[in-house]
1. Within the stretch 145-201, restricting attention to residues that are β-branched (V, I, T) and within 23 Å of K28 (Cβ to Cβ), which residue is most open to solvent (accessible area, probe 1.4 Å)?
2. Is there a residue being of a type in the set (S, T, N, Q) and either more than 30 Å from N182 (Cβ to Cβ) or outside any helix (DSSP H, G or I) (or both) anywhere in the stretch 121-134?
3. Give the residue that is least open to solvent (accessible area, probe 1.4 Å), with candidates limited to residues of the stretch 25-49 that are out of contact with any strand residue (DSSP E or B) (no Cβ under 8 Å at 6 or more places or on another chain) and among the β-branched types (V, I, T).
4. Looking at the stretch 70-113, which of its residues are outside any loop (DSSP other than H, G, I, E, B), hydroxyl-bearing (S, T, Y) and open to solvent by 20 Å² or more (accessible area, probe 1.4 Å)?
5. Any chance you could count how many residues in the stretch 99-115 are under 15 Å from the mean Cα position of the chain (by Cα), within 15 Å of D70 (Cα to Cα) and of a type in the set (A, V, I, L, M)?
6. Failed condition for D67, given (1) touching a Leu at 6+ places or on another chain (Cβ under 9 Å); (2) under 24 Å from M158 (Cα atoms); (3) touching a residue at least 40 places away in the same chain (Cβ under 8 Å), with all others met?
7. Among the numbered criteria (1) farther than 14 Å from N82 by Cβ; (2) open to solvent by 90 Å² or more (accessible area, probe 1.4 Å); (3) within 23 Å of the chain's Cα centre (by Cα), which one does L7 miss?
8. In the list S109, S79, S72, S66, which residue meets the criterion of being over 15 Å from I185 (Cα atoms) and at pLDDT below 95?
Amino acid sequence: MLIWFILIGIPILFGLWAQFRVMSAYQKNVAIPSRGGITGREAAAAVMESAGINDVEIVEVEGMLSDHYDPSNRRLALSPDNYHGTSLAALGVAAHEAGHAIQHKVGYSMMTFRQTMVPAVQVAAPIAYILCGFAIYLIGSALGGMLLKIAVAALLVMTVFQFVTLPVEFDATRRAKAQLVNLGIVQDDEMAGVHETLDAAALTYVAAFVSSLGQLLHLLLLLGGGGRRDD
């Protein structure tokens, strides 16, 4: 039980705290308008234009914090509050996604590596989620051992992907913060709200990696006979 709590329970609690933290920071700073009054869409366009990017479509997508950059289709998607909003949170998120577009343009190696892993992760994720439970419950049988090995392989792919995601997200945030100030979109004394929003968002990626790593280590212990469900 102690091993389960350390490797699974604590990462779950950390993940819940990270989600609470990002929502709290976002809700706080989405209510603070920037003095410049430009929208998230305009900020993303300005950041990309400063890097010589003129062929990325900026679109509005439904959902809260559904913002993302799609390198395959050269599309930057912003949720309604961040597309139309002029808040510090909206500008921070929009510039962060524009940071990914800059990474794509300059050929940032970690982003390239991350993209090559996407097909493998799309296969590995459902396998890991489906098999983990079955493998653990059938650990005493030959079938359980086989399923456990497959689950370990799938989780290894996911853990590597989450690890590679960290520098990609941190670098995009670094680029976003620098460009917001350099372009005069946000003043220095307004950056506290941007820092709070983006730094909280970064915690969710750390939590995802810690969770995947904890699950992987737990399954490896089970596979090696170093732990049982009732330990």
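The values are calculated or read from the model by the stated rules, or taken from the named source; none is laboratory data. Model, not experiment: these values are computed from the prediction. Counting neighbours? That spans all protein chains shown, and the Cβs are built from the backbone with ideal geometry, glycine included. Just so you know, the surface numbers come from the protein's heavy atoms only, side chains and all, with ligands and any DNA or RNA stripped out. Shrake-Rupley method; radii C 1.70, N 1.55, O 1.52, S 1.80 Å.
1. If we filter the stretch 145-201 for residues that are β-branched (V, I, T), which is where we start, we get 150, 152, 157, 159-160, 164-165, 168, 173, 181, 185-186, 194, 197.
This time we only want the ones that are within 23 Å of K28 (Cβ to Cβ), so: 173, 181, 185-186, 194, 197.
Details: T173: 16, V181: 53, I185: 14, V186: 2, V194: 0, T197: 5 Å².
Top of the filtered list is V181.
2. Residues of the stretch 121-134 that are of a type in the set (S, T, N, Q), as a first pass: 122.
Then drop every residue that is not either more than 30 Å from N182 (Cβ to Cβ) or outside any helix (DSSP H, G or I) (or both), which leaves 122.
Yes: one or more hits.
3. First, the residues of the stretch 25-49 that are out of contact with any strand residue (DSSP E or B) (no Cβ under 8 Å at 6 or more places or on another chain): 25-28, 35-39, 42-43, 46-47, 49.
From the residues that got through so far, the ones that are among the β-branched types (V, I, T) too are 38-39, 47.
Details: I38: 45, T39: 31, V47: 1 Å².
Once the filter is applied, the top-ranked residue is V47.
4. Just the residues of the stretch 70-113 that are outside any loop (DSSP other than H, G, I, E, B), to begin with: 70, 75-78, 80-84, 87-106, 109-113.
Then keep just the ones that are hydroxyl-bearing (S, T, Y); that gives 83, 87, 109, 112.
Result: Y83, S109, T112.
5. 1
6. Of the numbered conditions (1) touching a Leu at 6+ places or on another chain (Cβ under 9 Å); (2) under 24 Å from M158 (Cα atoms); (3) touching a residue at least 40 places away in the same chain (Cβ under 8 Å), the odd one out for D67 is (3).
7. Of the numbered conditions (1) farther than 14 Å from N82 by Cβ; (2) open to solvent by 90 Å² or more (accessible area, probe 1.4 Å); (3) within 23 Å of the chain's Cα centre (by Cα), the odd one out for L7 is (2).
8. Values: S109 fails: at pLDDT below 95; S79 fails: at pLDDT below 95; S66 fails: at pLDDT below 95.
Within the list S109, S79, S72, S66, the selection yields S72.
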